[in-house]
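Novice: The structure's right below; bear with me while I get my questions together.
No lab work stands behind these numbers, since they all come straight from the coordinates. Since this is a predicted model, take the numbers as computed values, not measurements. Don't worry about glycine lacking a Cβ; one is built from the backbone with ideal geometry, like all the others, and counts go over all protein chains shown.
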Amino acid sequence: MRKVGIVINSTKDTDGKAEQFIISLLKELVKDIQLVIVKTPKTFNEAEIENLEFVISFGGDGTILNTAREVSKYNIPILGMNLGNLGFLSSGEYHELKKCVINVLNGEYEIEDRLMLECTANINNISKKYYTLNDVVISKGTLSRVLEYSIKIDEKFYTNFIADGIIISTPTGSTAYSLSAGGPIMYPTLDTVSITPICPLSLGIRTMVLKSSSKIHIDIKKKQQPAYLSLDGQIALELKNDDNISVTKADMTCKLIRIKGYDYFEVLRKKIILRTKECKG
C-alpha cells in the first residue's frame, strides 16, 4: 500500500475543491492507497508521518515552509503545488497537478536537498531550538529605535553594528526578506548561509556569506527598546535583556521534489527578477 500525506491550506482552498480533486485523483491513479490529510502540518500524527512516501503541500510558499519544519526530520519529500500568488518554492502550479502527481508516482522526479537552520534561542534563561528553511530574523519593534548588534562567528568576534535588524538566511531564503534588504541571490543547493543587516547606520556593513557549518552568535546591546525574533516569518518571539541567539546548520535538510524538466532559472526569472504587480487607477 502506498501512503501519501496531504497538507491543505484552507485559506487558499476555501471551497474545498482542490482537496476533493487531489483525493479523487490519487484514488483514481492508485487503487491501494492511504491518504493522511491535515489542514496544518503540526497536526500530523507521528506514527502516521514516519511512513509517508511523500507529502503534497497545497498553498503557497508559506505552506511549504510550515510543512518543511514538521516533516523534514523524517526525510519525507515535499511536492509543493501552488494555490497562492507567488509559489517560488513550488514544484508546479495547480493546473499542473495531475502531471506532477503522475510523474512522482512513476519515479520521474529529482530531489533537491535544501539547507535548513537550527536556531537556539536563549530567552529568560530557557534555551529552546527552532528549525527554519528560509531565515532567522532579529529586528526592532515597529516604533522603537534602532538596535546595536554584536556578532561572533565560530566564537570569534566579527563586529558590532547599529541597524533596524539582521537576517540570517539560507540559500532558499536568499530570494525572500534577505533579497529585499540588499542580500545576494544564492543558488538554492549551495552549502552557505548569509548575514544581512537591515538598514544599517554604517555604510561599511554589508552582507557576509559564510560556510553553513559556521556558528553565528548574536547579542543585542542596550535593549531598552523591544526586539523580536522571527523564524521563517511565521514564528515570532519577543527578546528581552540578556537574551541571545545562536544559529548554525541543522542536521536535517528539506527535500523538495522537482519534476524532470524543472528550470530554476526560468522560475527565478519569472517569479522574482521580472515579477511586478499591476498598477491600477
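Novice: How would you rank Asp154, Asp263, Asp219, going from fewest to most other Cβ atoms within 10 Å of each one's own Cβ?
Specialist: Asp263, Asp154, Asp219
Novice: Write out the GluC sites (Glu not before Pro) in segment 181-281 meeting two conditions: DSSP loop, and at most 16 other Cβ atoms within 10 Å of their Cβ.
Specialist: Glu278
Novice: While we're on this one: Could you run the Karplus curve 6.51 cos²θ - 1.76 cosθ + 1.60 with θ = phi - 60° over segment 113-126 and give me ³J(HN,Hα) per residue in whole Hz, x for Gly and Pro?
Specialist: So the J values, rounded to whole Hz, are 7, 9, 4, 10, 10, 10, 10, 9, 9, 9, 10, 6, 6, 10.
Novice: For an R0 of 45 angstrom, estimate the FRET efficiency from the Cβ-Cβ distance between Asn160 and Lys99 and round to the nearest 0.05.
Specialist: Once rounded, the FRET efficiency stands at 0.30.
Novice: Also, quick follow-up: Could you rank the peptides 110-117, 7-14 by their average count of other C-beta atoms within 10 Å per residue, with the highest value first?
Specialist: Per-residue Cβ counts within 10 Å, averaged per peptide and sorted highest first, yield 110-117, 7-14.
Novice: Just to verify a number: FRET efficiency for Glu110 and Arg2, C-beta to C-beta distance, R0 = 22 Å, to 0.05?
Specialist: Step by step, r from the Cβ atoms, then E = 0.65.
Novice: In addition: Using the basic label-point model (7 angstrom from Cα toward the beta carbon), what is the Asn124 to Tyr187 distance in nanometres?
Specialist: 4.5
Novice: Could you run the Karplus curve 6.51 cos²θ - 1.76 cosθ + 1.60 with θ = phi - 60° over segment 159-164 and give me ³J(HN,Hα) per residue in whole Hz, x for Gly and Pro?
Specialist: Per residue, the Karplus-derived 3J(HN,Hα) values read 6, 10, 7, 10, 6, 5 Hz.
Novice: Follow-up question, since we're still on this one. Name the long-range amide H neighbours of Thr159: under 5 Å, sequence gap of 5 or more, or other chain; modelled H, no Pro or chain starts.
Specialist: Sorted by chain and number, the residues that satisfy this are Ile151.
Novice: Let me ask something else about it. Identify which of Ile76, Ile259, Ile126 has the largest mean-square fluctuation in a Gaussian network model of the chain, with springs joining Cα atoms closer than 10 Å.
Specialist: Evaluated over the chain, the most mobile residue of the options is Ile126.
Novice: Extension gain Cys199-Ala236, at 0.36 nm per residue separation less the Cα-Cα distance, in nm?
Specialist: 11.3 nm
Novice: Given R₀ = 25 Å, what would the calculated FRET efficiency be for Asp15 paired with Lys42, taking r from the Cβ atoms and rounding to 0.05?
Specialist: 0.60
Novice: While we're here: Of Leu83, Met186, Thr142, which is farthest on the positive side of the dipole of the chain, counting Cα position, with +1 on Lys and Arg Cβ, -1 on Asp and Glu Cβ, and the Cα centre as origin?
Specialist: Thr142
Novice: Over the chain, what is the mean sequence separation of C-alpha contacts under 8 Å (at least six apart), divided by residue count, expressed as relative contact order in percent?
Specialist: Once normalised by length, the contact order is 19 percent.
Novice: Quick check: net charge around Asp61, other residues with Cβ under 12 Å of its Cβ, Lys/Arg +1 and Asp/Glu -1?
Specialist: Around Asp61, the charge tally is +1.
Novice: Here is a follow-up. What list of ³J(HN,Hα) couplings, whole Hz, do you get for segment 39-50 from phi and the Karplus terms 6.51, -1.76, 1.60, once you set θ to phi - 60° and write x for glycine and proline?
Specialist: Computed from phi, the couplings for segment 39-50 are 8, 9, x, 5, 8, 4, 7, 4, 5, 6, 6, 4 Hz.
Novice: Just to be sure I understand, if you calculate Kirkwood radius over Cα pairs in Å for this structure, which of (1) 19.4; (2) 27.1; (3) 20.0 do you get?
Specialist: Looking at Kirkwood radius over Cα pairs in Å for this model, the match is (3).
Novice: May I ask which of Lys129/Lys221; Lys17/Lys129; Lys12/Lys128; Lys156/Lys249; Lys152/Lys270; Lys12/Lys129 have a Cα-Cα span longer than 28 Å here?
Specialist: In this structure, Lys17/Lys129; Lys12/Lys128; Lys152/Lys270; Lys12/Lys129 exceed 28 Å between Cα atoms.
Novice: While we're here: What trypsin sites (Lys or Arg not before Pro) in segment 141-237 are in a loop by DSSP, with at most 16 other Cβ atoms within 10 Å of the Cβ?
Specialist: Answer by residue number: Arg145, Arg206, Lys215, Lys222.
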